[in-house]
1. Any chance the range 24-39 includes a residue that's open to solvent by less than 70 Å² (accessible area, probe 1.4 Å), within 14 Å of the chain's Cα centre (by Cα) and polar (S, T, N, Q)?
2. Give me a count of the residues in the range 65-81 that are of a type outside the set (A, V, I, L, M, F, W, C), under 24 Å from GLY33 (Cβ atoms) and surrounded by 11 or more Cβ atoms within 10 Å (Cβ to Cβ).
3. Name the strands (runs of 3 or more DSSP E) wholly inside the range 1-79 in which the number of residues that are touching a strand residue (DSSP E or B) at 6+ places or on another chain (Cβ under 6 Å), hydroxyl-bearing (Ser, Thr, Tyr) and on the phi < 0 side of the Ramachandran plot is 2 or more.
4. May I ask you to list the residues in the range 40-64 that are open to solvent by 80 Å² or more (accessible area, probe 1.4 Å), farther than 15 Å from GLU82 by Cα and of a type outside the set (Asp, Glu)?
Amino acid sequence: EYRNVVATVPTVPWRIIQYFAKLAGVHIYCDAGDVVYANENYLAVAVSENATITVRIPQKSVLKELLVPDNVSVIGQEFPLEFKAHTCRLFKIELI
């Protein structure tokens, strides 16, 4: 019940990694190919250019942005987020 992937190129393109992750049943937080770090409590997203990115959490949650003065909490499972180029944002995830 596992799959091995052998890559013979120096750097595997992110779309190929994402394809095999989806086949394996891995939850994909963001389809855009940006850098996402996540665990059950926190989410960090880093982007390279201006974009609106939809982040999906596996179940309905409260998403609260950290490190900003007016940290607003949003409830849902999909969160469209606007990013400026070369930024990273950190969020607290509270499952409902």
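The values are calculated or read from the model by the stated rules, or taken from the named source; none is laboratory data. As the structure is a prediction and not an experimental result, all values here were calculated from the model. For neighbour counting, all protein chains shown are included, and Cβ atoms are generated from backbone atoms with ideal geometry for every residue, glycine included. Protein only, heavy atoms only, side chains kept; ligands, DNA and RNA dropped before computing areas. Shrake-Rupley method; radii C 1.70, N 1.55, O 1.52, S 1.80 Å.
1. no
2. Going through the range 65-81, the residues of a type outside the set (A, V, I, L, M, F, W, C) turn out to be 65, 69-71, 73, 76-78, 80.
If we keep only those that are under 24 Å from GLY33 (Cβ atoms) as well, we get 65, 76-78, 80.
Now restrict to residues that are surrounded by 11 or more Cβ atoms within 10 Å (Cβ to Cβ): 65, 76-77.
The number of residues fulfilling the criteria is 3.
3. Once the strands (runs of 3 or more DSSP E) in the range 1-79 are filtered for at least 2 residues that are touching a strand residue (DSSP E or B) at 6+ places or on another chain (Cβ under 6 Å), hydroxyl-bearing (Ser, Thr, Tyr) and on the phi < 0 side of the Ramachandran plot, what remains is 51-65.
4. Once the filter is applied, which keeps residues that are open to solvent by 80 Å² or more (accessible area, probe 1.4 Å), farther than 15 Å from GLU82 by Cα and of a type outside the set (Asp, Glu), the range 40-64 yields TYR42, GLN59, LYS60.
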